[in-house]
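Enquirer: Below you will find the structure I want to go over with you.
The values are calculated or read from the model by the stated rules, or taken from the named source; none is laboratory data. Quantities reported herein were computed from a predicted structural model and do not represent experimental measurements. When we count neighbours, we look across all protein chains shown, and the Cβ atoms used for this are built from the backbone with ideal geometry, even at glycine. Ligands, DNA and RNA are stripped out before the accessible areas are found, and what is left, the full protein with its side chains, is counted by its heavy atoms. Shrake-Rupley method; radii C 1.70, N 1.55, O 1.52, S 1.80 Å.
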Amino acid sequence: MTIAKDLETLQSEPEFEEIECPPGDLESQEPPLESELHLRQILLLIQMLESLWQHRQDFYAFGNLSIYYSPEQQKTQNFRGPDFFVVLNTERKPRKSWVVWEEGGKYPNLIIELLSNSTANVDRTTKKEIYQDIFRTPEYFWFSPNTLEFQGFEIIRGEYEPIQPNEQGRLWSKQLQLFLGIYEQKLRFFTPEGELVPTPEESAQTERQQREDTQQQLETAQQQLEVERQQRENLAAKLRELNIDPETL
């Protein structure tokens with residue numbers, strides 16, 4: 001009887017507890033940004049990369065957006081999203097948040113945090129550990145819009161190691177194939193050749209300037225042609241005064 005009862009008990013009990021994930025359509029829960037400088041810096045990073053990669057559809061770049069990576073994390077809310085992050089080899093489309101279990105298990109390839117008085121300690125410690133040990137994000141950078149503190153890390157043998165700057169003080173991102181560096185007190189992207197990656201507004205301004213320069217060159221050329229024409233006419237007139245036909249010369 002005891003053996004039969006034990007067998008009945010085992011058959012009636014589930015072998016494991018099913019884990020139920022919350023729905024994937026989760027709203028971002030990010031707090032307000034520290035300052036206008038932080039907001040403008042985030043927008044600048046997004047605009048630069050989207051302008052440079054405007055013909056690509058295989059990435060997602062955004063900022064101040066919650067990343068949900070576990071049901072428990074959603075309940076405790078002990079972690080919120082990066083100030084700026086890029087996910088490669090994914091679909092480029094708007095999202096309310098980044099829900100890892102709805103994105104094929106993908107985590108960011110690159111993360112940038114903007115330091116502030118209230119977040120700097122967490123960015124340098126807790127978030128760095130999460131990005132290293134849980135996200136396994138290959139590259140992590142932080143930058144202070146106020147003090148211009150700038151540092152980057154890449155995962156080597158499972159741990160973040162500092163990325164060494166080049167002669168211009170810029171840090172190379174293998175994930176983006178771009179340099180990151182400070183330009184006019186802002187964090188900017190640079191091409192492998194060292195050229196500043198422009199924003200759409202900067203590109204439009206450059207194009208306008210090029211059109212204006214071209215127009216100016218055309219006007220200068222036309223003025224020069226007019227001066228040369230006047231000179232030829234004056235010379236012809238003087239030759240005729242000397243009874244010389246300029247057509248015979």
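Enquirer: Hey, what's region 53-163 come to in accessible area per residue, 1.4 Å probe, Å²?
Expert: Values: 5190 Å² over 111 residues.
Roughly 47 Å² per residue, with all protein chains present.
Enquirer: Kirkwood hydrodynamic radius, computed over distinct alpha-carbon pairs, for region 42-105: how many Å, to one decimal?
Expert: Computed over Cα pairs of region 42-105, the Kirkwood hydrodynamic radius comes out at 12.6 Å.
Enquirer: Right, here's the next one. Please list the three semi-axes, largest first and in whole Å, of the ellipsoid equivalent to region 55-183, using sqrt of 5 times the eigenvalues of its alpha carbon gyration tensor.
Expert: 23, 18, 14
Enquirer: To continue, here is another question. Measure up 96/174; 93/127; 96/127 against 24 Å on the Cα-Cα distance and list the ones that go over.
Expert: From the list (96/174; 93/127; 96/127), the Cα-Cα distance tops 24 Å for 96/174; 93/127.
Enquirer: Taking all protein chains as present, what is the carbon and sulfur share of the accessible area of region 49-201, in % to the nearest whole number, probe 1.4 Å?
Expert: The nonpolar share, carbon plus sulfur, comes to 45 percent.
Enquirer: Find how many whole Å separate the alpha carbon centroid of region 141-165 from the alpha carbon centroid of region 76-126.
Expert: Between the Cα centres of region 76-126 and region 141-165 lies a distance of 16 Å.
Enquirer: Which length gain, in nm to one decimal place, applies between residue 91 and residue 243 when the Cα-Cα distance is subtracted from 0.36 nm times their residue separation?
Expert: Numbers: separation 152, 0.36 × 152 = 54.72 nm, distance 8.19 nm.
Extending this stretch completely gives an extra 46.5 nm.
Enquirer: When a/c is below 1.5 the answer is rounded, else prolate if a/b is larger than b/c, else oblate, so apply that to region 153-202 with a ≥ b ≥ c taken from the square roots of the Cα gyration tensor eigenvalues.
Expert: prolate
Enquirer: Let me ask another. Which of the listed residues, 97, 68, 87, is farthest toward the dipole's positive end in region 54-145, when Lys, Arg count +1 and Asp, Glu count -1 at the beta-carbon?
Expert: About the Cα centre, the residue reaching furthest to the positive side is 97.
Enquirer: If the only charges are +1 at each Lys and Arg Cβ and -1 at each Asp and Glu Cβ, what is the size of the charge dipole of region 48-162 around the Cα centre, to the nearest 20 debye?
Expert: 340 debye
Enquirer: Let me ask something else. Would you mind checking which residues have amide H under 5 Å from residue 84's amide H? H placed 1.01 Å from N; only 5 or more apart, or other chain.
Expert: Placed amide hydrogens put 64, 112 under 5 Å from residue 84.
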